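Peer 1: For reference, the structure I am asking about is given below.
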Amino acid sequence: MSPKIRRSSGNVFHDLGFAKDEAAHLKVRSALMIQIRKVLKARGLTQAAAAALFGVSQPRISDLVRGKIDLFSIDTLVDMLGHAGIRVELVVQRRGSCLTSRA
């Protein structure tokens, strides 16, 4: 018997069983964390240098690099990007549309 394949909802967190509200928050936080990791890579920063740039401690950068999404709020992640000189824009769309992130 072949496995049952379902179409994605467009939010992997919702597909994994998280409630819609929580899945939406996780999707936004993960998009912000991805942008921060891109900055780390593009600038070739050590965790200590990244901590200074983002205005947090080195252990916070370690948590971010390890993907500990539950330890970061949307506000904290936006603030971190702001410290790095990156503007965050919010795009609001109707249901069923894809969330996009730009940095």
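Peer 1: Accessible area per residue, 1.4 Å probe, Å², for the chain: what's the number?
Peer 2: 72 Å²
Peer 1: Another one. Just to be sure I follow the rule: in the chain, considering lysines 8 or more places apart or on different chains, how many pairs have Cα atoms under 28 Å apart?
Peer 2: Pairs that pass both the separation and distance tests number 9.
Peer 1: Which value in nm describes the separation of the simple spin-label points at H25 and E89, placed 7 Å from the Cα toward the beta carbon?
Peer 2: Label at H25, label at E89, 2.7 nm between them.
Peer 1: In the chain, what is the volume of the convex hull around the alpha carbon atoms, normalised per residue and reported in Å³?
Peer 2: It comes to 127 Å³ per residue, whole-number rounded.
Peer 1: Between segment 5-65 and segment 73-90, how far is it from one alpha carbon centroid to the other, in angstrom?
Peer 2: Centre-to-centre (Cα) distance: 12 Å.
Peer 1: Quickly work out the R6-to-I69 label distance, labels modelled 7 Å from Cα along the C-beta direction, and quote it in nm with one decimal.
Peer 2: Label at I69, label at R6, 1.7 nm between them.
Peer 1: Each residue of segment 59-65 in turn: what ³J(HN,Hα) in whole Hz from Karplus with 6.51, -1.76, 1.60 and θ = phi - 60°, glycine and Pro shown as x?
Peer 2: x, 5, 5, 4, 4, 5, 4
The values are calculated or read from the model by the stated rules, or taken from the named source; none is laboratory data. Here the structure is a predicted model, which means the values were calculated and not measured. All Cβ positions, even for glycine, are placed from backbone atoms using ideal geometry, and neighbour counts span all protein chains on display. Accessible surface is based on the protein model in full, side chains and every heavy atom, while ligands, DNA and RNA are left aside. Shrake-Rupley method; radii C 1.70, N 1.55, O 1.52, S 1.80 Å.
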